[in-house]
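Engineer: First the structure, then my questions, so here it is.
The values are calculated or read from the model by the stated rules, or taken from the named source; none is laboratory data. Note that the structure is predicted; figures quoted are calculated from it, not measured. Backbone-built Cβ (ideal geometry, glycine too); neighbour counts: all protein chains shown. Ligands, DNA and RNA are excluded from the accessible area calculation, which covers all protein heavy atoms including side chains. Shrake-Rupley method; radii C 1.70, N 1.55, O 1.52, S 1.80 Å.
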Amino acid sequence: MARISVSHLAKMKTNNQKITCITAYDASFAAIFDQAGIQVLLIGDSLGMVLQGHESTLPVTVDDIKYHTTSVASTAKQSLIIADLPFMSYSTPAQTYDNAAILMRAGANMVKLEGGEWVAESVKGLVERGIPVCGHLGLTPQSVNVLGGYRVQGREDAQAEKLLSDSLLLEASGVQLLVLECVPVQLAERISKALTIPVIGIGAGAQTDGQILVMHDAFGISAGFCPKFSKNFLVETGDIRRAVALYKEQVEAGTFPADEHSFY
Ligand SMILES: Nc1nc(=O)c2c([nH]1)NC[C@@H]1CN(c3ccc(C(=O)N[C@@H](CCC(=O)O)C(=O)O)cc3)CN21
Ligand SMILES: CC(C)C(=O)C(=O)O
Ligand SMILES: [Mg+2]
């Protein structure tokens, strides 16, 4: 079977089929997620927290993401592979192209970067050069020191309008997928409806076009914190493969995330 393409994901949105995504960092879990039919695997810079034990994602390097992308790509044959560009690896367009090229050569099919207006030029340049891009708005963890903590974003009207206009600008700049993190359900629904491209939520309610979770949260094994929006799918299943299948089933049915995992 051929690898899932961005156009397949766009078609899923048109057909009202929910997209299931999860982070992956190694060959063994990537094989399980791939076999389970998870559409998108993200080598997230969350690895700085869940693998390396840092307090934030800021210490993660391009080399770290490259290493884990190689591992995931070795077994993921069907899922679309997205690699996070880490903190300060896309400060200028030229730096962005160089680092995105490293991750694409390691086996990524798409790169993800955080931010709105300020990344628009780099997004356009990447797409022109043949590199598909996923945007990331709302709670952008690489900006935790500016945001003042891991907090819900877009609760005030002005902030909500800025998130909507940044989303539209990213789409116009060529982004083919957008992650929305920690925003109120109603705003996430509004943005998902305003965009043609699929919107993938995390802590953004059930009305987005798909969901993503950090794999450690889906199995309840994250050291330190467990965000309110996450769910331990091992509790009801007791088995990794069945937990992954249940996550996908509940995303497709629209039963995950429930109200208790969402912000209003
Ligand atoms: N294990 C893990 N899961 C994640 O989802 C995740 C990471 N790590 N590391 C990178 C970022 C950081 N993320 C985070 C971290 C903390 C919260 C958090 O504590 N959120 C509060 C919301 C507080 C509010 O109401 O404003 C929560 O209760 O969930 C959310 C996202 C998301 N990402
Ligand atoms: C939580 C997801 C969206 C992410 O960016 C990561 O895992 O780094
Ligand atoms: Mg990330």
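Engineer: If you take the alpha carbon radius of gyration of region 109-213 and divide it by 2.2 N^0.38 Å, what ratio comes out, to two decimals?
Structural biologist: 0.98
Engineer: Quick one: net charge of residue 134's neighbours, Cβ under 15 Å, K/R +1, D/E -1?
Structural biologist: -4
Engineer: Once you have the Kirkwood Rh of the chain from its Cα pairs, apply Stokes-Einstein at 20 °C and 1.002 mPa s and quote D in µm²/s.
Structural biologist: The Stokes-Einstein estimate is 119 µm²/s.
Engineer: Which of 132, 86, 227 moves most in a GNM of the chain, Cα contacts under 10 Å?
Structural biologist: 227
Engineer: Quickly work out the residue 221-to-residue 7 label distance, labels modelled 7 Å from Cα along the C-beta direction, and quote it in nm with one decimal.
Structural biologist: Those two pseudo-labels are separated by 3.8 nm.
Engineer: Using Cα pairs closer than 8 Å and at least 6 residues apart in sequence, work out the relative contact order for region 6-261, in percent.
Structural biologist: Normalised by residue count, the contact order of region 6-261 is 18 percent.
Engineer: Let me ask something additional. Quick one: Debye curve from the alpha-carbon atoms of region 143-264 only, equal weights, vacuum; give me log10 I(q)/I(0) at q = 0.13, 0.22 Å⁻¹ to two decimals.
Structural biologist: Here log10 of I(q) over I(0) equals -0.54, -1.27.
Engineer: Could you give the distance between the Cα centres of region 152-230 and region 1-60, to the whole Å?
Structural biologist: With region 152-230 and region 1-60 each reduced to a Cα centre, they are spaced 15 Å.
Engineer: Would you mind putting 20-30, 111-121 in packing order, based on average other-beta-carbon counts within 10 Å, highest first?
Structural biologist: The peptides rank, most packed first, as 20-30, 111-121.
Engineer: Is there a pair in 11/124; 66/112; 162/193 whose C-alpha atoms are over 19 Å apart, and which pairs would that be?
Structural biologist: Over 19 Å apart, Cα to Cα: 11/124.
Engineer: In the chain, carbon and sulfur make up what percent of the accessible area (probe 1.4 Å)?
Structural biologist: On the chain, the fraction of accessible area on carbon and sulfur atoms equals 53 percent.
Engineer: So which lysines pass the test for residue 228, namely a Cα distance under 23 Å, with those fewer than 8 places away in the same chain ruled out?
Structural biologist: Here the lysines satisfying the reach criterion relative to residue 228 are 18, 248.
Engineer: Under unit Cβ charges (Lys, Arg +1; Asp, Glu -1), what dipole magnitude, rounded to 20 debye, does region 138-264 have relative to its Cα centre?
Structural biologist: Approximately 180 debye in magnitude.
Engineer: Also: Output wanted: per-residue J couplings in Hz (rounded whole) for region 213-230, from phi through Karplus 6.51 cos²θ - 1.76 cosθ + 1.60, θ = phi - 60°, x for Gly and Pro.
Structural biologist: The phi angles translate into 9, 6, 4, 5, 6, 5, 10, x, 10, 6, 6, x, 9, 10, x, 4, 7, 9 Hz.
Engineer: Probe of 1.4 angstrom, ligands and nucleic acids ignored: what's the accessible area per residue over region 6-261, in square angstrom?
Structural biologist: On a per-residue basis, 41 Å².
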